[in-house]
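A.B. asks: Can you keep this structure in mind? I'll have questions shortly.
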Amino acid sequence: MRTWVDQKLRDMRVMLIDNGILADTSSGSAGESKAVQDAKNRFDAAKKDLDNIRNDQKTHTEDLQKDFGPDDVFRALKGQCISTDAGEYTYELCFLEKTTQKPKKGGGHTNMGNFVRMERIVVDEDVSPSGKGLGSGERIAMKHENGQHCWNGPNRSTTVILACSENNEVWKIMEEEKCVYRMEVGTPAVCEALGASAKSGGKDEL
Ligand code: MAN
């Protein structure tokens with residue numbers, strides 16, 4: 001009888017603690033009722049959510065301050081990657097992020113520079129009959145700096161020069177000086193910006 005009553009009292013105590021009516025003094029929770037612990041857990045979870053939202057907002061704010069070229073035309077390209085083989089390497093451009101080279105015979109990527117800014121540069125180049133080439137005049141270029149350090153040289157850097165093309169494609173890659181690269185790239189993103197070369201779209205200006 002005594003054991004039975006004792007057990008019932010214990011059960012009742014547990015039930016009251018579980019329902020937040022009685023403080024749980026038995027464990028390491030320093031006398032907090034379940035309700036308080038639940039509220040703390042919810043608070044921690046909400047705090048974590050808020051931190052994540054704040055981080056996202058920071059990323060978006062920084063993103064908005066970046067230069068995505070005339071009329072922000074490059075925003076949609078961000079993170080898209082195109083590549084080509086040249087010599088011993090496969091070269092890759094991930095728009096508005098970085099350029100890399102990867103040995104064809106295996107091995108990791110070498111960073112050839114991280115995107116820093118847009119520039120305008122004047123070029124004078126032939127255009128092949130296929131229409132793939134920079135041509136001559138002012139072109140939009142994307143500067144990539146602070147890539148992997150080059151032994152006995154600078155940190156790798158790449159200038160990516162853009163010309164109007166139907167598809168995003170790497171046309172040419174050169175190492176102008178040791179670890180200083182130049183990439184010629186065709187993209188529809190600059191067709192409007194380049195005026196005359198944009199005519200292929202057949203859009204009449206009013
Ligand atoms: C690697 C590549 C080359 C570069 C040399 C410099 O082989 O990144 O492009 O010229 O390193 O040591």
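A.B. asks: Mind checking which pairs have a first residue in the stretch 132-161 that is on the phi > 0 side of the Ramachandran plot and a second that is within 16 Å of the ligand (Cβ to nearest atom), Cβ under 7 Å, 6 or more apart or different chains?
C.D. replies: Going by the 7 Å Cβ cut-off, the qualifying pairs are 146/113; 146/114; 146/155.
A.B. asks: Determine, yes or no, whether residue 72 is more than 16 Å from the ligand (Cβ to nearest atom), open to solvent by 50 Å² or more (accessible area, probe 1.4 Å) and on the phi > 0 side of the Ramachandran plot.
C.D. replies: On the way: more than 16 Å from the ligand (Cβ to nearest atom): yes; open to solvent by 50 Å² or more (accessible area, probe 1.4 Å): yes; on the phi > 0 side of the Ramachandran plot: yes.
Yes: the conditions hold for residue 72.
One line per residue, one yes/no per condition, for (1) modelled with pLDDT of 85 or more; (2) farther than 30 Å from residue 182 by Cβ; (3) hydroxyl-bearing (Ser, Thr, Tyr); (4) in contact with a Phe, Trp or Tyr (Cβ under 8 Å, 6 or more places away or on another chain):
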| residue | (1), (2), (3), (4) |
| --- | --- |
| 12 | yes, yes, no, no |
| 30 | no, yes, no, no |
| 42 | yes, yes, no, no |
| 47 | yes, yes, no, no |
| 60 | no, yes, no, no |
| 65 | no, no, no, no |
| 72 | no, no, no, no |
| 89 | yes, no, yes, no |
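A.B. asks: If I filter the stretch 113-124 for residues that are open to solvent by 20 Å² or more (accessible area, probe 1.4 Å), free of Cβ contacts under 8 Å to residues at least 60 places away in the same chain, within 16 Å of the ligand (Cβ to nearest atom) and not hydrophobic (A, V, I, L, M, F, W, C), do I get at least one hit? I'd like the intermediate steps shown before the answer.
C.D. replies: Step one: list which residues in the stretch 113-124 are open to solvent by 20 Å² or more (accessible area, probe 1.4 Å), which gives 114-122, 124.
Then keep just the ones that are free of Cβ contacts under 8 Å to residues at least 60 places away in the same chain; that gives 114-122, 124.
Imposing the further condition that a residue be within 16 Å of the ligand (Cβ to nearest atom) reduces the set to 114.
With the extra rule that they be not hydrophobic (A, V, I, L, M, F, W, C), the set shrinks to 114.
Within the stretch 113-124 (the criterion being open to solvent by 20 Å² or more (accessible area, probe 1.4 Å), free of Cβ contacts under 8 Å to residues at least 60 places away in the same chain, within 16 Å of the ligand (Cβ to nearest atom) and not hydrophobic (A, V, I, L, M, F, W, C)), the answer is yes, since at least one residue qualifies.
A.B. asks: How many residues does the stretch 143-164 hold that are assigned to a strand (DSSP E or B), out of contact with any helix residue (DSSP H, G or I) (no Cβ under 6 Å at 6 or more places or on another chain) and of a type outside the set (Gly, Ala, Ser)? Reasoning before the result, please.
C.D. replies: Of the stretch 143-164, the ones assigned to a strand (DSSP E or B) are 143-145, 149, 155, 157-164.
Next cut, out of contact with any helix residue (DSSP H, G or I) (no Cβ under 6 Å at 6 or more places or on another chain) only: 143-145, 149, 155, 157-161, 163.
With the extra rule that they be of a type outside the set (Gly, Ala, Ser), the set shrinks to 143-145, 149, 155, 158-161.
Looking only at that region, the number is 9.
A.B. asks: Also: Scan the stretch 165-180 for residues that are loosely packed, with under 15 Cβ neighbours inside 10 Å and in a loop (DSSP other than H, G, I, E, B) and jot them down.
C.D. replies: 166, 167, 178 - these are the residues of the stretch 165-180 that are loosely packed, with under 15 Cβ neighbours inside 10 Å and in a loop (DSSP other than H, G, I, E, B).
A.B. asks: Please determine whether any residue of the stretch 138-154 is in contact with a Lys or Arg (Cβ under 7 Å, 6 or more places away or on another chain), open to solvent by 30 Å² or more (accessible area, probe 1.4 Å) and of a type in the set (Asp, Glu).
C.D. replies: Checked the stretch 138-154: at least one residue is in contact with a Lys or Arg (Cβ under 7 Å, 6 or more places away or on another chain), open to solvent by 30 Å² or more (accessible area, probe 1.4 Å) and of a type in the set (Asp, Glu).
A.B. asks: On to the next question. Of the residues in the stretch 134-187, how many are within 12 Å of the ligand (Cβ to nearest atom), of a type in the set (S, T, N, Q) and over 17 Å from residue 94 (Cα atoms)?
C.D. replies: Looking only at that region, the number is 2.
A.B. asks: For the subset of the stretch 88-112 comprising residues that are outside any strand (DSSP E or B) and within 18 Å of the chain's Cα centre (by Cα), which member is surrounded by the most Cβ atoms within 10 Å (Cβ to Cβ)? Before the answer, list the steps.
C.D. replies: Our first condition is that a residue be outside any strand (DSSP E or B); within the stretch 88-112, this holds for 88, 95-97, 104-109.
Right, trim to within 18 Å of the chain's Cα centre (by Cα) and you get 95-97, 109.
Working: 95: 23, 96: 21, 97: 15, 109: 15.
Taking the candidates together, the pick is 95.
The values are calculated or read from the model by the stated rules, or taken from the named source; none is laboratory data. It should be emphasised that the depicted structure is a prediction, and the values quoted were computed from it without experimental measurement. Every residue, glycine as well, gets a Cβ built from its backbone with ideal geometry; the counts of neighbours run over all protein chains shown. Only protein heavy atoms, including side chains, enter the accessible area calculation; ligands, DNA and RNA are left aside. Shrake-Rupley method; radii C 1.70, N 1.55, O 1.52, S 1.80 Å.
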